[in-house]
1. Hey, any hits in the stretch B:108-120 for a residue that's surrounded by fewer than 21 Cβ atoms within 10 Å (Cβ to Cβ), touching a strand residue (DSSP E or B) at 6+ places or on another chain (Cβ under 9 Å) and more than 11 Å from chain A (Cβ to nearest Cβ)?
2. Identify all residues within the stretch A:105-127 that are more than 16 Å from the chain's Cα centre (by Cα), outside any loop (DSSP other than H, G, I, E, B) and either touching a residue at least 60 places away in the same chain (Cβ under 8 Å) or crowded, with 24+ Cβ neighbours inside 10 Å (or both); write none if there are none.
3. When you look at A:GLY65, is it over 26 Å from A:GLN225 (Cβ atoms), part of a loop (DSSP other than H, G, I, E, B) and either within 14 Å of chain B (Cβ to nearest Cβ) or not aromatic (Phe, Trp, Tyr) (or both), yes or no?
4. Taking into account only those residues within the stretch A:128-148 that are in a loop (DSSP other than H, G, I, E, B) and touching a Ser or Thr at 6+ places or on another chain (Cβ under 8 Å), which is surrounded by the fewest Cβ atoms within 10 Å (Cβ to Cβ)?
5. Is there a residue in the stretch B:60-70 that is within 14 Å of chain A (Cβ to nearest Cβ) and in a strand (DSSP E or B)?
6. Out of A:GLU267, A:GLU234, which single residue is over 23 Å from the mean Cα position of the chain (by Cα) and not hydrophobic (A, V, I, L, M, F, W, C)?
7. Please state which of the following conditions B:SER100 fails to meet, knowing it meets all the rest: (1) more than 10 Å from every other protein chain (Cβ to nearest Cβ); (2) buried (at least 20 other Cβ atoms within 10 Å of the Cβ).
8. Which one of these is surrounded by fewer than 17 Cβ atoms within 10 Å (Cβ to Cβ), touching a helix residue (DSSP H, G or I) at 6+ places or on another chain (Cβ under 7 Å) and of a type outside the set (A, V, I, L, M): A:THR222, A:THR243, A:THR275, A:THR290?
Amino acid sequence: MDLITMDDLTNEEAISLLDDAERLLPIARGDVHLPLLEGKVLANLFFENSTRTRLSFETAMKRLGGEVLNLSEVGSSVKKGETLYDTMQMIDGYADVAVIRHPRQGAAQYAADAVQIPIMNAGDGAGNHPTQTLLDLFTIRHGQGKIDGLNVVLVGDLRYGRTVHSLSHALGRFGASLTLVSPEPLKMPPEIVKDLKSSGCHVEESEDLAPAISSADVVYMTRIQRERFPDEAEYEKVAGIYTLKAEDLRSVQSDMMIMHPLPRVNEIHPSIDSTDHAWYFKQAFNGVPTRMALLCRSLGIQIPEAIV
Amino acid sequence: MSEMRRVSAICNGTVIDHIPSGSAVQVMRMLHIDGSHSNPISLVMNVPSGKVGRKDVLKIEDRELSQEELDRLALIAPSASIAIIRNYGVAEKRQIELGSELVNIARCSFFNCITQNPNEPLPHRLQVVSQDPLEIRCAYCGRAQSLAEIIESLI
């Protein structure tokens, strides 16, 4: 099973993966040792920087008794001009499953077409990031008790932010009402808005954060990504445009969740960290059980009903 | 005046009729006919037509276009009629059809798509998401491609 975009999973499959992740929590926390993936090798192919995604995939594999190969552009033949196709031919022989992050959009689908082993997209340019979406859904279910019919505000860089591309798609399928808050130059790509609307999702677009958060179940903040701007001056115009501080949360719902794929720059003030609204660090941990569930699924490994 | 009097009948080859007015040059590009090293070509543009108002017609002598070549035309001339001519007579009429995917017909036009690296060997694949209205996206990066962009990026 490849996971390139959320289109590769039905709603039922996504829910079933979240249930698997729930059962795997004791292993993810290190409380139980169960080497379900012993003898299996994961190739972590990061052609672009990553902290949480790479490390949580590595932790997920190791907690399940598997091995991890790490490739980065530095020190590999990629720097010598090797094509992605050729690199993937090697990986096909060295690993049982591969995770790929690449600066070019479409790279994960391309890699999947080039090999036999299952491929998971860990971010392709400004494209998709579906494994992040699964951990986001897992986190939302923990905070709200459900993932369907929620009122979700997506904030910041919706144009280049691949996490919100995949997440909005999934939330739309689960009947969310979405408010897309971004400055004009960073609006959600029109083909994504079109897809959301044609799937029956209620979508509103706005440049103003304050009025959107009062009735929100989830406020999903994102970083304005300096590295995706062709021009520094364009970046400076929109950097720091949306910030949340504890004092901004006086009129929000008591169970409103603030999420962020991290790293944050100044979108969420540290004064929020100690409030019940702060979910972003739990969210980062949730990458481990959800990626465990994905690894087991892609390798065809059954997860025991009860893990104690 | 009919187009038959503007250019003479051909003995053998392919006639592409009912091309949308003004599109015949694009049709030639799609068929890799550049006019300099090809068979004799007759090109008629903007002639009145009872069926479509005005139309273009292209006659290619001594070359029978394959179905695969003709299917490329579905992008810009979906209602064109095709006749294969042998010995001054219509030997075959062919329909053109836009399939679900265009393989190695045009490159994705998005500057950051993985397929922009000319050394990457896998085929260029554009998916036809919808025929009416026409909506085409790159099978790899998912970006929507306008017809003008596809014509600019023909292989």
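1. Within the stretch B:108-120, one or more residues are surrounded by fewer than 21 Cβ atoms within 10 Å (Cβ to Cβ), touching a strand residue (DSSP E or B) at 6+ places or on another chain (Cβ under 9 Å) and more than 11 Å from chain A (Cβ to nearest Cβ).
2. Once the filter is applied, which keeps residues that are more than 16 Å from the chain's Cα centre (by Cα), outside any loop (DSSP other than H, G, I, E, B) and either touching a residue at least 60 places away in the same chain (Cβ under 8 Å) or crowded, with 24+ Cβ neighbours inside 10 Å (or both), the stretch A:105-127 yields A:ALA107, A:GLN109, A:TYR110, A:ALA111, A:ALA112.
3. yes
4. A:HIS129
5. Among the residues of the stretch B:60-70, not one is within 14 Å of chain A (Cβ to nearest Cβ) and in a strand (DSSP E or B), which makes the answer no.
6. Result of the check over A:GLU267, A:GLU234: A:GLU234.
7. Every condition holds for B:SER100 apart from (2).
8. Values: A:THR222 fails: surrounded by fewer than 17 Cβ atoms within 10 Å (Cβ to Cβ); A:THR243 fails: touching a helix residue (DSSP H, G or I) at 6+ places or on another chain (Cβ under 7 Å); A:THR290 fails: surrounded by fewer than 17 Cβ atoms within 10 Å (Cβ to Cβ).
Selected residue: A:THR275, the only one of A:THR222, A:THR243, A:THR275, A:THR290 that is surrounded by fewer than 17 Cβ atoms within 10 Å (Cβ to Cβ), touching a helix residue (DSSP H, G or I) at 6+ places or on another chain (Cβ under 7 Å) and of a type outside the set (A, V, I, L, M).
The values are calculated or read from the model by the stated rules, or taken from the named source; none is laboratory data. Please read these numbers as outputs of a predicted model, since none were measured by experiment. Backbone-built Cβ (ideal geometry, glycine too); neighbour counts: all protein chains shown.
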